[in-house]
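Nothing in this text is a laboratory measurement; each read-out follows from the coordinates by a stated rule. A quick note: this is a predicted structure, and the numbers were derived from the prediction, not measured.
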Amino acid sequence: MRIPTGRPVAAVAREPVAGAALQAVLLVVLHAWAGLHPAGWAAGAGYAAALSALLVRALLRSGERSLGPAGIVTLVRAELAGA
């Protein structure tokens, strides 16, 4: 499969970066509240990286530049589930 060229990844990277930042904040809160183990940090960071990569790929394939309101709600729900 080929990723379309001509558009830089940075043009669609706003929501994936925001989602990864949300995941980092959630992990810090979990660490402060429940004492997150290093394996939990690794799992959370891996989840955020994989979700961001999939989202960038989906946005590039669809030709969209950003998510709509429903997509943003779904991204937040996915990040909450990852935490």
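Across segment 74-83, coupling constants 3J(HN,Hα) worked out from phi with the 6.51/-1.76/1.60 Karplus curve, θ = phi - 60°, read 5, 5, 4, 5, 5, 5, 5, 5, x, 6 Hz, and Gly and Pro carry x.
Amide H to amide H distances under 5 Å link residue 36 with 31, where only residues 5 or more positions off or on other chains count and H is placed in the peptide plane. Over its Cα atoms, what ratio of radius of gyration to 2.2 N^0.38 Å does segment 13-69 give? Taking N as the residue count of segment 13-69, the ratio is 1.30.
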